[in-house]
Amino acid sequence: MSGNIQLLSDTLAAAQAEGRSALIAYLPAGFPTVDGGIEAAKAVFAGGADIVEIGLPHSDPVLDGPVIQTADDIALRGGVKIADVLRTVREAHAATGKPVLVMTYWNPVDRYGVERFTAELAEAGGAGCILPDLPVQESATWREHAAKHGLATVFVVAPSSKDARLAEITAAGSGFVYAASLMGVTGTRESVGAEAQDLVRRTKATTGLPVCVGLGVSNAEQAAEVARFADGVIVGSAFVKRLLASDGDLAAGLAGVRALAGELAEGVRTRS
């Protein structure tokens, strides 16, 4: 079975055709439990998310802020494995028919085996992978296997990236480009920052790929603000906060993330 890169591209194109940005939700696998994480992914889709990223919990993340680190720690203490991450992708996609990606640091993939990981992700119905710490110049093996299995390779760009570097990164990527709107780690913020719009403008000058903005968006107003200039709005920590706030009441947590997805979906359609 091939991966679902085409489904990912079609979903982003459909949002553009509707005159809006796509809403992309991030949730770590295995949090609060493996089954609970699967239900959370289904809930954000039900609320209005167009695409879901499933995080592969890592003990030493470089991009994730304290909220997602807390969720990762819970998932790791619960014994989450790569097989659980792939099951989350499989069941979330099978239940909704919508694109699901994995977001992971490179080391777990390298240790698991690139061929094995890409083949199993594609078999699970995955649309691709976001690899924030994989340098483009060291990504040839990954990209070869991802392309072989019909998976997108999403690279991350940052405000510190020079224009020449942006061109190099976007030329190697597929699916979309993840624009980290702020220097630093993930987490909700009071404002999303003016750097995001400039980064999207500079990135779009190098590629025809959709450019989606992450890091900092937590409410409908911020989603509408980012949607004015980005093809997709990525939200992670705000969803994890809703699950953490439920304090073990899964039904309440699922209701919380579904409601937040609905608010954000309305935001990306508002484009204030």
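The values are calculated or read from the model by the stated rules, or taken from the named source; none is laboratory data. Predicted, not measured: the structure shown is a model, and the values here were computed from it. Cβ sites come from the backbone with ideal geometry, for glycine too, and all protein chains shown count toward neighbours. Heads up: the accessible areas ignore ligands, DNA and RNA and are worked out on the full protein's heavy atoms, side chains in. Shrake-Rupley method; radii C 1.70, N 1.55, O 1.52, S 1.80 Å.
Could you grab me the full set of residues in segment 46-56 that are outside any strand (DSSP E or B) and either polar (S, T, N, Q) or open to solvent by less than 10 Å² (accessible area, probe 1.4 Å) (or both)?
A49
Inside segment 105-130, can you point out the residues that are closer than 16 Å to G55 by Cβ, open to solvent by less than 40 Å² (accessible area, probe 1.4 Å) and either at pLDDT below 95 or assigned to a helix (DSSP H, G or I) (or both)?
Y105, P108, V109, F117, L121, listed by residue number.
Looking at segment 84-91, can you tell me whether even one residue there is assigned to a loop (DSSP other than H, G, I, E, B) and either among the aromatic types (F, W, Y) or under 18 Å from P132 (Cβ atoms) (or both)?
no
Of A238, A196, which residue is touching a residue at least 24 places away in the same chain (Cβ under 8 Å), under 19 Å from the mean Cα position of the chain (by Cα) and within 30 Å of G36 (Cβ to Cβ)?
The match here is A238.
Would you check which residues across segment 222-255 are assigned to a loop (DSSP other than H, G, I, E, B) and open to solvent by 10 Å² or more (accessible area, probe 1.4 Å) and list them?
R228, F229, D231, G236, S246, D247, G248, D249
Within segment 75-89, can you find the residues that are of a type in the set (V, I, T) and surrounded by fewer than 24 Cβ atoms within 10 Å (Cβ to Cβ)?
Selection gives V80, I82.
Given the structure, is D72 of a type in the set (D, E), open to solvent by less than 20 Å² (accessible area, probe 1.4 Å) and either in contact with a His (Cβ under 8 Å, 6 or more places away or on another chain) or free of Cβ contacts under 8 Å to residues at least 40 places away in the same chain (or both)? Break it down into steps so the answer makes sense when it comes.
Values: of a type in the set (D, E): yes; open to solvent by less than 20 Å² (accessible area, probe 1.4 Å): yes; either in contact with a His (Cβ under 8 Å, 6 or more places away or on another chain) or free of Cβ contacts under 8 Å to residues at least 40 places away in the same chain (or both): yes.
Criteria met by D72.
Of the residues A13, A46, A22, only one is closer than 18 Å to A152 by Cβ and out of contact with any strand residue (DSSP E or B) (no Cβ under 6 Å at 6 or more places or on another chain); which?
A13
Please go through segment 8-33 and give me each residue that is over 14 Å from V233 (Cα atoms), of a type outside the set (F, W, Y) and either in contact with a His (Cβ under 9 Å, 6 or more places away or on another chain) or surrounded by 21 or more Cβ atoms within 10 Å (Cβ to Cβ) (or both), ordered by number.
Once the filter is applied, which keeps residues that are over 14 Å from V233 (Cα atoms), of a type outside the set (F, W, Y) and either in contact with a His (Cβ under 9 Å, 6 or more places away or on another chain) or surrounded by 21 or more Cβ atoms within 10 Å (Cβ to Cβ) (or both), segment 8-33 yields L8, L27, P28, A29, G30, P32.
Based on what the data block shows, is P61 crowded, with 24+ Cβ neighbours inside 10 Å and modelled with pLDDT under 95?
Answer is no for this residue.
Of all residues in segment 189-221, which are open to solvent by 10 Å² or more (accessible area, probe 1.4 Å) and either more than 19 Å from A158 (Cβ to Cβ) or polar (S, T, N, Q) (or both)?
Within segment 189-221, E190, S191, Q197, T206, T207, G208, S218, N219, A220, E221 meet the criteria.
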